[in-house]
Amino acid sequence: MVTFIIRRLVGTIFLLIVVSMITFAIFFLIPRLAGQNTYQLAAQYVGRNPTRPAVLAVERQLGLADPLYLQYGRFLRGILFGAHYRSGPDVTYCPPPCFGYSFRSQLPVWPQMISDVPVTLSLAIGASILWLIGGVSIGVLSALRKGTLFDRFSMGIALAGVSLPVFFTGLISLELFSYKWPLFPNVQYVPITSNPVEWARNLVLPWIVLAFLYAALYARLTRAGMLETMSEDYIRTARAKGLPERKVIVKHGLRAALTPIVTIFGMDLGLLLGGAIITEVTFSLHGLGLFTVQAVNNQDLPEILGVTMLAAFFIVIANLVVDIFYAVVDPRVRF
Amino acid sequence: MPDALLEVEDLRIHFPTQDGLVKSVDGVSFRLERGRTLGIVGESGSGKSVTSLGIMGLHHGSRAEITGHIRLDGEDLVAASPARVRELRGSKMAMIFQDPLSSLHPYYTIGNQIIEAYRVHHPDATKRQARQRAVEMLDRVGIPQPSARVDDYPHQFSGGMRQRVMIAMALCNDPGLLIADEPTTALDVTVQAQILDLIHDLQSEFGSAVIMITHDLGVVAELSDDILVMYAGRAAEYGSAADIFASPGHPYTWGLLASMPRMDRERLTRLVPIPGTPPSLIRVPPGCPFHPRCRYGHLNGGRSETEVPELRDTEHTGHLVACHLTAAERAKQWALLAAGKVPEDARTGAGAHAGDTA
Ligand SMILES: Nc1ncnc2c1ncn2[C@@H]1O[C@H](COP(=O)(O)OP(=O)(O)OP(=O)(O)O)[C@@H](O)[C@H]1O
Ligand code: SF4
Ligand SMILES: [Mg+2]
């Protein structure tokens with residue numbers, strides 16, 4: 001088990017390096033291959049309405065004319081150890097992990113980005129707990145009552161949930177519960193450290209809206225998984241032993257049905273931590289999703305690059321956690 | 001007659017489906033005493049598994065219609081509550097299945113699974129006692145180094161070893177009845193004999209009654225005291241193994257014997273497959289269910305097609321046959337067949353054709 005984890009960790013580090021290379025390539029190599037020269041490339045790093053001296057300064061500052069491996073080395077070193085930028089006589093130090101400076105605010109990207117993480121984290125974790133519990137229990141009940149009214153009703157809702165976009169359910173819920181009946185007025189993020197009750201109260205609507213989408217998906221997945229495992233031979237063995245039906249369902253059925261669900265859950269959560277874009281925009285929550293949208297709107301390349309790397313990082317880590325989880329529950333993976 | 005451990009009387013298990021009522025078991029009766037073995041044979045789909053699952057109460061109770069009596073130690077399981085049947089399951093009756101690869105849960109150690117089986121019926125046993133019992137059982141079924149292997153997972157065992165584990169699990173509560181549903185079909189030929197020997201040894205040691213289900217008459221030949229031949233959810237022939245092998249009475253049994261390669265019956269050199277395929281259990285043929293495939297039906301002057309043959313003991317020897325042929329006719333035809341003469345009756349052509357397409 002320990003060697004398995006170590007192997008996975010090494011693999012993850014390798015994967016992160018590959019991810020950084022690909023991200024680097026997307027931002028610096030592909031434009032070149034597409035025929036842009038370094039001046040044009042530099043122009044994109046100046047923001048909107050670049051002036052010629054500013055572009056030349058950036059080109060020099062970022063060393064865009066250097067060979068690519070040097071640039072990549074600098075890029076990686078910046079992330080790991082920080083970087084020194086020379087603009088004229090003064091040298092600015094950008095502490096690690098350094099993703100450069102935003103064009104707009106002229107502030108380092110990383111601290112800004114990181115200050116938005118708690119919002120996304122609160123949103124994602126709360127919603128994911130809701131949808132995991134809700135989706136899985138509805139899926140299990142549906143599978144056990146296959147063909148009944150309950151099954152058809154909940155699968156109908158689930159179909160609606162999968163097909164309704166968040167901006168629709170989100171706006172409807174805002175309209176109803178924030179304006180018409182102001183149960184949750186003025187939804188805005190309040191840090192959990194300053195007031196946990198307000199934190200939760202403000203997040204209830206976004207949690208439910210986001211969870212609804214996923215719960216619907218998870219209910220369908222769980223139902224399908226449960227139906228499949230409950231017809232396995234080992235379930236018949238469990239019953240033949242004389243186990244109470246509840247134990248047959250939970251210990252033997254659900255355990256096996258949940259494993260793929262948890263895998264998908266890990267990936268979904270990892271993806272969501274990189275920013276729940278539509279939900280954050282709908283509820284004006286300033287998390288990584290909104291950060292991304294603004295960065296794209298402003299063509300703020302260092303910010304886009306930073307948030308891309310961060311999102312990729314979350315997914316890679318989620319992958320690692322899922323792998324280890326899988327090895328814990330499924331002994332066949334370990335050997 | 002000594003008290004039977006298991007008495008099945010006119011058991012019917014029907015499944016309502018969209019296509020119609022599937023009569024998987026349709027009026028089957030047999031009895032089994034402690035320490036004895038009943039072999040149930042028949043082609044695929046003849047209702048062997050449904051019969052045994054019905055005894056265990058594992059036949060999808062809510063969806064199936066079950067009537068008749070299943071008396072285990074005098075207690076009627078058909079009338080008993082599901083909770084009571086669950087209590088008996090694993091403690092007084094246990095079952096092992098065809099595919100030991102998929103019958104064990106892949107996520108739990110075999111020790112865990114045996115301990116679980118033991119503790120449901122011994123709620124006062126400590127974990128240590130249950131574990132000790134598991135190791136003891138593994139040792140008994142011939143798993144080497146049982147105290148180490150008890151912590152291994154199913155995928156670390158070979159198919160034969162897994163079937164041994166299943167047997168250990170089934171017998172850990174010392175049940176009076178063990179049902180083995182084709183326990184060797186999925187295993188290598190070399191392993192098959194070992195597993196059968198093991199079941200036989202354990203049976204004499206534990207004194208349990210065994211139902212051995214198979215479509216291979218060779219398997220039951222050596223192990224069984226009695227044999228029940230099933231066809232289309234009904235009993236075709238029922239009697240002692242000695243009687244059935246010496247003088248089989250039903251043309252279907254003849255077909256099973258003739259399609260079985262056997263060393264000790266050189267006279268039957270030619271393998272004769274049964275023509276055609278088993279009937280649909282929704283539309284069972286009228287009259288004798290076997291008549292569309294039978295080479296002797298014409299000898300009964302139309303009765304085979306219209307009248308359902310009763311399971312009768314014509315000689316009063318305890319050997320029951322469900323066929324309209326007279327005892328003398330049966331003896332004559334079997335003698336001919338055993339001499340290697342396959343009857344060339346009017347329907348052989350059609351039958352052989354059906355056999356080709358089957
Ligand atoms: N739950 C069910 N619903 C409907 N039909 C069923 C159900 N269970 C079994 N059957 C039908 O009952 C018939 C008898 O099946 P059974 O499994 O007892 O055959 P078998 O003699 O054990 O055959 P095999 O040698 O293939 O194991 C089959 O035709 C099967 O399709
Ligand atoms: S009753 Fe007729 S059809 Fe049925 S087995 Fe006997 S001879 Fe064949
Ligand atoms: Mg079967």
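Worth a mention:
- Its Cα gyration tensor gives segment B:13-126 an equivalent ellipsoid. The semi-axes, each the square root of 5 times an eigenvalue, are 26, 18, 16 Å from largest down.
- Kyte-Doolittle mean at least -0.5 and Cα axial length at least 18 Å: DSSP H helices in chain A: A:2-24, A:68-81, A:109-144, A:149-163, A:196-230, A:255-273, A:301-329
- 17 Å reach of a label modelled at A:ALA160, 7 Å along Cα-to-Cβ, counting backbone N of segment A:217-234: A:217-220
- Taking the longest Cα principal axis of chain B as reference, the axis of helix B:159-171 is set at about 80 degrees.
- Under the Karplus curve 6.51 cos²θ - 1.76 cosθ + 1.60, θ = phi - 60°, whole-Hz ³J(HN,Hα) for segment A:28-40, x wherever Gly or Pro sits: 10, 8, 4, x, 5, 4, 6, x, 6, 8, 5, 5, 4
- Cross-linked pairs B:LYS23/B:LYS332; B:LYS48/B:LYS341; A:LYS247/B:LYS127; A:LYS241/B:LYS127: Cα-Cα separations exceed 22 Å for B:LYS23/B:LYS332; B:LYS48/B:LYS341.
- Computed helical MRE - 222 nm, chain B, DSSP H runs ≥ 4 contributing -39500 (n - 2.57), nearest 500: -10000 deg cm²/dmol
- Positive-pole candidate from A:VAL140, B:TYR238, B:GLN18, dipole of the protein assembly as shown, charges at beta carbon: A:VAL140
- A compact globular protein would have a Cα radius of gyration near 2.2 N^0.38 Å; the ratio found for the protein assembly as shown is 1.36.
- The calculated 222 nm mean residue ellipticity attributable to helices in chain A amounts to -22500 deg cm²/dmol, summing -39500 (n - 2.57) over DSSP H runs of n ≥ 4 and dividing by all residues.
- The modelled label-to-label distance for the pair B:GLU9/A:VAL190, using points 7 Å beyond Cα in the direction of Cβ, is 7.4 nm.
- The Cα-based radius of gyration of segment A:109-329, divided by its Kirkwood radius, gives an Rg/Rh of 1.04.
- Order by protection proxy (mean Cβ within 10 Å, highest first), peptides B:274-282, B:69-77: B:274-282, B:69-77
- Each residue of segment B:106-117 was assigned a 3J(HN,Hα) from its phi angle through the Karplus curve 6.51 cos²θ - 1.76 cosθ + 1.60 (θ = phi - 60°); the sequence is x, 8, 10, 5, 5, x, 3, 6, 6, 4, 4, 4 Hz, with glycine and proline shown as x.
- Largest first, the three principal axis extents of the alpha carbons in segment B:170-238 are 34, 28, 18 Å in whole numbers.
- Furthest towards positive pole of dipole, B:LEU311, A:VAL55, B:VAL50, structure part the protein assembly as shown, Cβ charges: A:VAL55
- Amide H to amide H distances under 5 Å link B:TYR231 with B:ALA236, where only residues 5 or more positions off or on other chains count and H is placed in the peptide plane.
- For chain B, fraction of C-alpha pairs farther apart than 26 Å, in %: 53 percent
- Using alpha carbons only: equivalent-ellipsoid semi-axes of segment B:149-275, gyration tensor based, whole Å: 30, 17, 13
- Hull shadow area, averaged, segment A:2-94 [alpha-carbon convex hull, nm²]: 7.6 nm²
Values in this text are rule-based calculations from the coordinates and carry no lab data. Given the structure is predicted, the values throughout are model-derived calculations rather than measurements. When we count neighbours, we look across all protein chains shown, and the Cβ atoms used for this are built from the backbone with ideal geometry, even at glycine.
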